[in-house]
1. Please express the shape of the chain as an equivalent ellipsoid: the semi-axes are the square roots of 5 times the eigenvalues of the C-alpha gyration tensor, given largest first in whole angstrom.
2. Could you tell me the calculated FRET efficiency between Val13 and Ser39, based on Cβ-Cβ distance and R0 = 22 angstrom, to the nearest 0.05?
Amino acid sequence: MIWDDLLAALALVLVIEGIVPFLSPKMVRSAMQGIDRMSDGMLRRMGFVLMLFGCLLLYFVR
């Protein structure tokens, strides 16, 4: 069922997102400060590239 897959994907995102702060909180703090200095346009482009990469990866995996 699609909801099972969606919840499994969300669970994996949470696990992956939690790995870096768990292993290196100082690095995350430094990265957040760098992100704070970026323009909105740059953040949007980065978000778009990540979404595109995720869609392509999902297409090839599935």
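1. Its equivalent ellipsoid spans semi-axes of 26, 18, 9 Å.
2. Step by step, r from the Cβ atoms, then E = 0.30.
No value in this document is a laboratory result; all are computed from the given coordinates. Please read these numbers as outputs of a predicted model, since none were measured by experiment. No Cβ is skipped: glycine too gets one built from the backbone with ideal geometry, and neighbour counts run over all protein chains shown.
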